[in-house]
1. Looking at (1) closer than 27 Å to A:Pro276 by Cα; (2) outside the structural domain of A:Leu240 (by TED's automatic domain parsing); (3) out of contact with any helix residue (DSSP H, G or I) (no Cβ under 9 Å at 6 or more places or on another chain), can you tell me which one A:Pro374 breaks?
2. Out of curiosity, is A:Pro396 more than 30 Å from A:Gln239 (Cα to Cα), outside any helix (DSSP H, G or I) and more than 8 Å from every other protein chain (Cβ to nearest Cβ)?
3. How about the range B:61-78: which of its residues are touching a strand residue (DSSP E or B) at 6+ places or on another chain (Cβ under 9 Å) and surrounded by fewer than 21 Cβ atoms within 10 Å (Cβ to Cβ)?
4. Name the residue, out of B:Ala278, B:Ala326, B:Ala311, B:Ala254, that is modelled with pLDDT of 95 or more and surrounded by 20 or more Cβ atoms within 10 Å (Cβ to Cβ).
5. Run down A:Glu370, A:Glu334 and say which single residue is under 20 Å from A:His409 (Cβ atoms), charged (D, E, K, R), part of a helix (DSSP H, G or I) and away from chain B (no Cβ under 14 Å).
6. Mind listing whichever residues of the range B:341-356 are surrounded by 23 or more Cβ atoms within 10 Å (Cβ to Cβ) and in a helix (DSSP H, G or I)?
7. If we scan the range A:90-101, do we find a residue that is among the hydroxyl-bearing types (Ser, Thr, Tyr), in contact (Cβ under 8 Å) with a residue 12 or more places away in the chain and crowded, with 24+ Cβ neighbours inside 10 Å?
8. If I filter the range B:179-221 down to residues being of a type in the set (D, E, K, R) and at the interface with another protein chain (Cβ under 8 Å from one of its Cβ atoms), which single residue comes out as farthest from B:Glu166 (Cα to Cα)?
Number of protein chains: 2
Amino acid sequence: MAPSTNEIVEQLTALLGSKGVLQNAADTGRYVEDWAGHRRGQPLVVARPATTEEVAAVVRFCHVNGLRMAPQGGHTGLVDGALPAETNDEVIISLERLNRIHAIDPVSFTMEVDGGCILEDIKQAAQREQCFFPLAFAAQGSCQIGGNIATNAGGLNVLRYGVTRELVLGLEVVLPDGRIWNGLKALRKDNRGYNLKQLFIGSEGTLGIITRAVLKLFPEPEHTSTALLAVPSVEAAVQLYGMARRGCSDLLSAFELIPRACLELAFEAASQLSDPLACAYPYYVLMEASATGPVDLDTMVEQLVENAMEASLVLDGVLASSAAQAERLWLIRESMLEGQRARGHHLRTDIAVPLSRLAAFVEETTAAVEQASPESSVLVYGHIGDGNLHYNILPPPALDDTAKTRLLHELEEIIFTVLDRFDGSISAEHGIGRLKQAAWLRRTSNDELALLAGIKATFDPDQLLTVGRILPAPDIR
Amino acid sequence: MAPSTNEIVEQLTALLGSKGVLQNAADTGRYVEDWAGHRRGQPLVVARPATTEEVAAVVRFCHVNGLRMAPQGGHTGLVDGALPAETNDEVIISLERLNRIHAIDPVSFTMEVDGGCILEDIKQAAQREQCFFPLAFAAQGSCQIGGNIATNAGGLNVLRYGVTRELVLGLEVVLPDGRIWNGLKALRKDNRGYNLKQLFIGSEGTLGIITRAVLKLFPEPEHTSTALLAVPSVEAAVQLYGMARRGCSDLLSAFELIPRACLELAFEAASQLSDPLACAYPYYVLMEASATGPVDLDTMVEQLVENAMEASLVLDGVLASSAAQAERLWLIRESMLEGQRARGHHLRTDIAVPLSRLAAFVEETTAAVEQASPESSVLVYGHIGDGNLHYNILPPPALDDTAKTRLLHELEEIIFTVLDRFDGSISAEHGIGRLKQAAWLRRTSNDELALLAGIKATFDPDQLLTVGRILPAPDIR
């Protein structure tokens with residue numbers, strides 16, 4: 001017989017101490033609500049183990065008692081993967097107390113950290129050793145590396161340094177029955193058997209809980225050159241990217257597309273911002289190159305801009321002449337997210353298309369969206385160097401919540417249907433979780449689903465860990 | 001009842017035409033013998049499908065008839081993965097006729113190719129579009145990309161561009177029952193469900209046969225700077241690498257450790273070579289940096305060498321002043337392999353250790369090997385930037401073949417035992433295949449083997465594809 005909630009709390013407290021268990025609604029708020037505050041889950045209890053052994057003990061306890069588990073990092077994910085189910089039957093396992101930085105090796109350019117370490121803390125610790133951990137995005141001050149790895153997070157610097165997958169050398173994982181899998185190698189090359197590390201990365205916590213990782217570091221960039229360039233079209237931005245890769249010797253560290261509408265959202269959100277250029281343009285590229293050693297980056301970027309203006313790919317632009325000015329340019333990128341948030345409920349996507357088809361995709365999708373809902377506002381921005389767009393939509397403000405939700409759902413399917421024709425991905429970086437599950441299932445063959453279910457059954461035959469994320473929950477318990 | 005060999009030949013000929021089936025010993029020589037000519041397998045027949053559909057048809061035929069299959073690319077692997085078993089019960093499926101280059105997209109920097117394309121052909125096709133496919137190693141003129149992907153090949157440029165895993169965007173795979181898995185996306189970011197692509201990569205053909213791939217390209221380097229630097233020790237080479245990463249803005253494309261003994265083997269093998277430096281040194285680093293756009297690489301490398309000499313990390317060196325001179329320096333690296341081959345049967349390893357422990361590992365291992373066999377010659381060279389060494393041993397020439405084999409086996413275990421203490425890998429790039437299986441099994445937990453067996457059973461429940469590689473063959477058929 002399953003233990004009562006009181007028994008669960010009692011036994012988990014015996015394993016983890018009183019700091020390790022939260023049950024009162026007053027304490028558990030941020031664990032049970034999604035990032036935007038739109039959806040709430042209903043867990044049994046929140047367990048907060050502080051060591052790998054404690055994670056293993058909690059998992060063993062849940063496994064023995066047939067309790068479902070929902071591991072949770074910084075809870076900044078956007079697809080409800082870490083959000084507990086509404087069914088009052090999941091133990092949230094928060095990794096937040098498992099947050100030690102174990103070692104930094106500046107000769108090997110590696111770093112060993114707990115799964116619950118906050119990304120920003122990792123970046124700063126690396127920097128203190130003149131090293132650089134490149135993963136970067138808006139949530140870096142609260143997201144945890146274990147969650148970044150579980151979801152194979154992307155972000156701003158992927159074009160230069162790769163997604164999270166490419167930044168992880170070793171992993172320690174607690175398996176769904178509480179055994180500990182030790183894959184904590186600090187090696188750049190390792191071809192021994194099937195690569196379980198690669199399978200854990202991006203499996204969204206459904207195959208195991210990441211408790212520790214060895215990360216790849218880079219030399220800390222000594223110079224950075226930042227520019228905001230006005231471009232006439234998405235197609236010009238794509239062409240400029242190719243020119244920039246060649247002209248800047250692949251030293252580009254960011255290349256973001258920003259439409260005029262997003263610039264204006266940024267001005268709304270941050271009153272200290274003003275238009276850095278003399279007049280308005282349809283699209284902008286926020287570009288950054290960085291280097292160590294004797295490279296004259298500014299000259300390199302200036303020369304690129306000159307060539308691009310001659311080729312009519314760039315209409316106007318500003319090169320940051322100081323770190324403060326570069327920061328102000330990046331503030332546009334951050335503030336436009338604030339501006340979006342301030343507009344309330346809207347459609348967020350994170351799609352990918354082959355770079356050479358990106359402009360045509362945007363054109364076709366926008367025509368379809370505008371036809372379906374002329375009063376909605378389209379915001380297309382993102383990591384153009386990766387072919388990864390956030391094709392977002394602000395609904396007409398006059399609609400009520402139910403109508404907004406219905407409209408945005410319809411528009412999402414319109415976007416995804418065009419995307420299918422462009423061989424794109426409905427999730428370039430956020431993952432599937434629960435929120436993208438239906439759209440993903442519709443697009444995934446039964447053959448592939450059967451292989452995934454076979455893998456899930458190999459790791460979690462009792463279907464207890466992070467159930468219902470990616471793959472649907474089994475029908476019968 | 002299993003069909004007779006004659007029936008198999010007849011039915012495969014019906015599927016593939018007469019060019020698609022080889023059976024006579026005169027025709028099948030190179031398919032049944034390993035690269036060095038030491039070991040021979042005994043297959044039923046060699047099938048040579050020319051399209052994905054033909055591969056699927058052969059696999060379906062084998063699956064229906066319970067026939068084991070051994071897929072084979074360029075057959076340049078070093079762990080007997082593609083070598084047919086001696087048991088006269090495997091159908092070799094050679095991919096050599098599946099060799100079309102389908103598309104090169106210089107805007108997206110991607111390329112779609114058949115699994116049987118020869119690596120060198122791919123590199124040249126990319127170059128014709130001013131693009132660069134970085135995978136590079138000695139066998140590139142005959143190895144096939146499908147095999148490179150199946151074994152997650154490494155090589156010379158990994159420190160800059162990553163292993164094969166990081167160069168593959170999409171895959172098409174024929175599953176062990178003949179179904180075709182289509183994962184041919186040309187996307188840089190894609191987080192939809194478990195990443196089967198990553199699982200196929202490096203699984204050595206045991207989960208499916210790679211029939212097509214979308215590869216990641218880079219801008220073609222416009223300038224290259226090559227230097228051979230004499231260093232006093234392995235430790236100095238490791239320190240120099242850290243200095244070079246920072247000093248050359250991560251534009252290093254190769255960083256190879258070469259001991260004096262290997263230089264002399266190169267001089268033996270290539271009479272046109274002479275010592276590029278005035279006197280002999282214990283170790284050398286062959287270093288290459290490359291760039292596109294306005295980067296003054298030569299000055300960058302000169303400055304690095306100056307700083308390194310001041311720090312006593314470099315004793316002497318030569319910077320190639322022309323492409324021809326750079327080629328001559330690289331000829332040393334190639335010829336030393338020839339020189340080793342000419343010495344006959346010897347121990348080849350491809351191990352990895354954390355970079356910061358590499359010098360200590362070499363010291364400790366060499367002491368242990370010299371104590372066990374003072375007359376053997378140790379050759380330690382390799383991709384030091386990746387912590388990946390070829391720790392090879394030439395046995396005393398006077399020994400007979402049986403004694404050599406026994407000695408080399410003993411010495412391998414001595415090396416691996418030290419490696420265990422240094423948290424290394426017994427296979428950094430060659431894989432496990434059949435040759436490394438025993439050593440790998442001894443070092444792998446039953447928990448991990450059970451997970452791998454579960455994955456194998458999910459993809460190949462009938463145990464017919466590439467059986468006995470990585471995991472042992474099942475006891476009962």
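The values are calculated or read from the model by the stated rules, or taken from the named source; none is laboratory data. None of the values given here were measured: they were computed from a predicted structure. Heads up, the Cβs are rebuilt from the backbone with ideal geometry, glycines too, and the neighbour counts pull from every protein chain shown.
1. The one condition A:Pro374 does not meet is (1).
2. Answer is yes for this residue.
3. Matches in the range B:61-78: B:His63, B:Leu67, B:Leu78.
4. B:Ala254
5. Criteria check complete, one pass: A:Glu370.
6. B:Leu355 - this is the single residue of the range B:341-356 that is surrounded by 23 or more Cβ atoms within 10 Å (Cβ to Cβ) and in a helix (DSSP H, G or I).
7. yes
8. The selected residue is B:Arg179.
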